[in-house]
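See below for the structure under consideration.
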């Protein structure tokens, strides 16, 4: 799926979504009414490598990485225990090739927090993982509501 189509699909599908672009990455926040400075984020699309994140080899022409944090039970079901946090500038230890296309896998850097990723997902792969992106969105809504209940 082309990155522009996926960006628009996420924005059009989920209510209360705001975006922020920085360092070659679009971050999707749940933030209806802009009640919080950034809201609660649930998904990112990164289109280039960063200084501390080169393992996905995103500097290839037309490559991008979709990342999201499914529920802890979903993460465990598909990937087992979360790995150790990598040292700055490195990636997790993994049996996955962290630059493979169209493979849902633990996030190269943030898997220790339960994040996952897919590089250049096909339309079929998006359909397969969509319920887990919805989990990430639902958790972002919960987190947002907790934060705004305190304000």
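Return the residue satisfying two criteria in turn: it lies in the stretch 32-63 and is in contact with a helix residue (DSSP H, G or I) (Cβ under 7 Å, 6 or more places away or on another chain) and in a loop (DSSP other than H, G, I, E, B), and of such residues it is surrounded by the most Cβ atoms within 10 Å (Cβ to Cβ). Spell out how you get there, then give the answer.
Initial filter on the stretch 32-63 (in contact with a helix residue (DSSP H, G or I) (Cβ under 7 Å, 6 or more places away or on another chain)): 35-36, 39-43, 45, 47.
Adding the requirement that they be in a loop (DSSP other than H, G, I, E, B) leaves 35-36, 39, 47.
Numbers: 35: 12, 36: 17, 39: 25, 47: 17.
Top of the filtered list is 39.
Residues checked against (1) loosely packed, with under 13 Cβ neighbours inside 10 Å; (2) in contact (Cβ under 8 Å) with a residue 60 or more places away in the chain; (3) touching a strand residue (DSSP E or B) at 6+ places or on another chain (Cβ under 8 Å); (4) closer than 16 Å to residue 62 by Cβ:
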| site | (1), (2), (3), (4) |
| --- | --- |
| 94 | no, no, yes, no |
| 100 | no, no, yes, yes |
| 104 | no, no, yes, no |
| 114 | no, no, no, no |
| 117 | no, yes, yes, no |
| 124 | yes, no, no, no |
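Looking at the stretch 2-29, I want the residues that are touching a residue at least 60 places away in the same chain (Cβ under 8 Å) and have a partner that is outside any strand (DSSP E or B) and crowded, with 16+ Cβ neighbours inside 10 Å with Cβ atoms under 6 Å, at least 6 apart or on another chain. Which pairs are those?
Hits for this filter: 3/64; 14/137; 29/39.
Of all the residues that make up the stretch 16-31, how many are within 23 Å of residue 124 (Cα to Cα) and touching a helix residue (DSSP H, G or I) at 6+ places or on another chain (Cβ under 8 Å)?
2
Can you tell me which residues in the stretch 64-90 are buried (at least 20 other Cβ atoms within 10 Å of the Cβ) and assigned to a loop (DSSP other than H, G, I, E, B)?
Just the residues of the stretch 64-90 that are buried (at least 20 other Cβ atoms within 10 Å of the Cβ), to begin with: 64-70, 75.
Scanning the stretch 64-90 gives 64, 69, 70.
Quick note: the coordinates plus some simple rules give every number you see, no bench work behind them. Note that the structure is a prediction, hence the values are computed from the model and not measured. Methodologically, a virtual Cβ is constructed for each residue, glycine included, from the backbone with ideal geometry; neighbour enumeration extends over all protein chains shown.
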